[in-house]
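In what follows, a single structure is set out as structure tokens and then discussed.
Every number here is computed from the coordinates shown, using simple stated rules; none is lab data. Fair warning: this is a prediction, and the values are worked out from it, not measured in the lab. Cβ atoms come from the backbone with ideal geometry, glycine included; neighbour counts cover every protein chain shown.
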Amino acid sequence: MFEEKDDTILARWLAGTLTQEELAEFKNSKEFAEYQSIVTASNRFEKPAFNKEKLYTNIAAKRKNQKSTKVISLKSISYVIAVAASIVLIIGVFFNNITYKTGIGEQLAVTLPDNSKIQLNANSKLEHNRFFWNSNRNVSLNGEAYFIVEKGSTFNVKTNYGTVSVLGTEFNIRSRKNAYNLICYEGKVMFKQNKTEKTAVLTAGKSISIINNDFNEATTTKTSPSWLKGISTFDNTMLSDVLNELRAQYGITIKTNGVDLSQRFTGNFVHNDLETALKTVLVPMQIEYTINKNILLLNSSKE
Amino acid sequence: MKDSNSVCLEHNYRKVFDNHSEELRNYLYYRCGDLQQAEDIVQDSFIKLWNNCKKVLLEKARGYLYAISKNAFYNEVAHKKVILKYAKQPQKISDIETPEYKMEEDEFMVKLENAIQSLPEGQREVFLLNRVDKKTYKEMAEMLGVSQKAIEKRMHKALIKLRLTIKNI
């Protein structure tokens with residue numbers, strides 16, 4: 001049969017693209033008349049009525065209507081939520097820390113979210129989370145601070161030297177350059193050194209200092225640090241450390257001129273009178289000094 | 001995209017509608033046999049085109065409309081009979097003898113309509129778009145997003161099936 005010659009030949013006949021030979025062959029086939037009748041009859045079909053203007057008016061009306069009730073796709077809602085969440089997260093990450101700082105000679109009283117009281121000594125910095133205190137009970141300290149912890153409250157105080165874990169207690173931490181000193185006045189604290197992971201438990205009246213990575217234990221009979229009353233007290237402390245504290249309280253520049261900074265000092269100095277403070281520290285150590293404006297020049301009288 | 005070619009401009013949008021709404025409606029009608037449903041789908045497709053006018057290039061608007069319309073069919077269930085009016089006065093038929101169809105012409109038309117009804121929809125839409133809407137194979141290939149060869153095959157099969165169906169009735 002002609003129609004079986006290939007699978008598009010009838011379509012090509014309809015489009016008038018058969019070759020002369022093909023067309024002649026087709027016209028001779030007995031099916032030709034039947035196909036011709038179908039095509040002729042199908043030409044009588046009319047397109048269904050189409051009211052274009054009415055349809056366009058309908059569409060225009062629907063377009064307008066949906067403007068007032070425009071559907072916001074879920075995709076864009078979730079996009080907005082994602083952006084909002086990111087902003088909250090960024091605020092959380094970058095603005096989550098509360099920082100307390102004291103300048104030279106300043107002191108600052110701080111209350112933690114659990115009502116624990118902290119007194120911050122001069123030239124010190126204390127940080128803790130603004131949010132989520134319950135899940136992150138960490139306070140970081142650089143400098144010196146006295147903690148009066150609410151009973152039943154626990155948190156950690158992190159310093160460059162180690163971490164103090166507290167449980168309803170009173171204690172003082174002094175974490176300065178090359179000096180760490182922890183005194184427990186009430187209750188119990190645990191100290192864990194960063195470098196060695198060595199731990200020490202301090203009960204009331206005990207203190208430790210770190211000297212060359214070793215714990216140097218001592219006792220005290222005081223019930224609170226003297227610096228709260230404006231006096232810095234030292235017990236067998238390296239001179240360099242004492243001078244650091246003088247800097248923190250008075251903001252002076254110190255030129256040591258070869259004076260032996262490893263000698264030990266036991267005593268105290270006041271925070272409100274530089275002349276007196278220098279006398280009380282340097283005279284017993286037999287160190288000559290001159291003070292000009294804010295510059296302290298040391299001369300060892302031993303040499 | 002140049003602004004002047006944006007589908008978002010009313011006159012461009014209107015042009016797309018003028019050029020393609022009827023053929024789209026007819027294509028949908030030949031598929032589902034329900035004029036109202038066909039027009040509803042045309043409406044929805046054009047509204048979607050408007051809502052996405054920034055994303056659809058003017059020259060791609062036609063393909064977009066057909067793609068949207070075809071998707072609409074996945075949700076449609078009912079298929080009705082395609083009813084076409086035909087000219088009461090038959091055109092001058094060629095002088096070729098048609099001995100096998102000694103029936104009344106209207107009777108033949110009914111048989112043809114029934115035969116068209118029984119075609120698979122792919123063949124039916126190609127046959128009717130060509131015979132009624134005078135779409136060329138190339139145009140249909142563009143509209144339906146298939147090759148011209150595929151359209152020709154469908155037309156070829158449609159003619160064979162129509163002949164056999166009419167003969168067997």
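Obtain the nm distance between the two label points defined at residue A:280 and residue A:62 by a simple spin-label model: each point lies 7 Å from its Cα along the Cα-to-C-beta direction.
9.0
Where in region B:46-74 is the amide nitrogen less than 19 Å from a point lying 7 Å along the Cα-to-Cβ axis of residue A:47?
B:46, B:62-63, B:65-66
Under a crude label model (7 Å from the Cα following the beta-carbon direction), how far is residue B:168 from residue B:11 in nanometres?
About 5.6 nm, to one decimal.
Build a GNM of chain A with springs between Cα atoms under 10 Å: which of A:23, A:89, A:55 gets the top mean-square fluctuation?
In the Gaussian network model the winner is A:23.
Which ³J(HN,Hα) values in Hz, rounded to whole numbers, follow from the phi angles of region B:146-156 under the Karplus curve 6.51 cos²θ - 1.76 cosθ + 1.60, where θ = phi - 60° and Gly and Pro get x?
10, 7, 5, 4, 5, 4, 4, 4, 5, 5, 4
Between their Cα atoms, which of A:52/B:15; B:70/B:161; A:47/B:161 are more than 18 Å away from each other? If you can, show how the numbers build up before the last one.
Working: A:52/B:15 12 Å; B:70/B:161 25 Å; A:47/B:161 22 Å.
Distance filter (> 18 Å) returns B:70/B:161; A:47/B:161.
In 20 Å bins starting at 0, how do the alpha-carbon pair distances of the protein assembly as shown split up by percent?
Calculated P(r), rounded to whole percents: 18, 26, 10, 12, 18, 13, 3, 0.
Pick out which of A:291, A:59, A:208 has the largest mean-square fluctuation in a Gaussian network model of chain A, springs linking Cα atoms closer than 10 Å.
A:59
Taking amide H positions as placed 1.01 Å from N in the peptide plane, with prolines and chain starts having none, which residues 5 or more places from residue A:155, or on another chain, fall under 5 Å of its amide H?
Long-range HN contacts for residue A:155: A:166.
GluC sites (Glu not before Pro), restricted to region A:1-67: which are DSSP loop and have at most 15 other Cβ atoms within 10 Å?
In loop regions of region A:1-67 (DSSP not H, G, I, E or B), the sparsely surrounded GluC sites (Glu not before Pro) are A:46.
FRET efficiency for residue B:149 and residue A:125, Cβ-Cβ distance as r, R0 = 45 Å, nearest 0.05?
Given R0 = 45 Å and the Cβ-Cβ separation, E is 0.05.
Arrange B:143, A:1 by Cβ neighbour counts within 10 Å, fewest through most, would you?
Ordered from fewest to most neighbouring Cβ atoms within 10 Å, B:143, A:1 come out as A:1, B:143.
With a cut-off of at most 14 other beta carbons within 10 Å, and DSSP calling the residue loop, which trypsin sites (Lys or Arg not before Pro) in region B:33-77 qualify? Please list them.
Loop-located and lightly packed - B:54, B:55.
Reported to two decimal places, what Rg/Rh ratio describes region A:99-227 when computed on Cα atoms with Rh from the Kirkwood expression?
0.93
What residues from region B:125-169 fall in the zone where the backbone N is under 13 Å from a label point 7 Å along the Cα-to-C-beta line of residue A:22?
Residues B:149, B:152-153, B:156 qualify, since their backbone N sits under 13 Å from the label point.
Out of region A:88-148, which trypsin sites (Lys or Arg not before Pro) are coil in DSSP terms and have no more than 14 other C-beta atoms within 10 Å?
A:130
Once R0 is set to 22 Å, what does the formula 1/(1 + (r/R0)^6) return for the Cβ-Cβ distance between residue A:76 and residue B:51, expressed as a FRET efficiency to the nearest 0.05?
On the way: r = 13 Å, r/R0 = 0.58.
After rounding, the FRET efficiency stands at 0.95.
If each residue of separation counts as 0.36 nm, what is the full-extension length gain between residue A:221 and residue A:89 once their alpha-carbon separation is subtracted?
Here the segment from residue A:221 to residue A:89 would lengthen by 42.8 nm.
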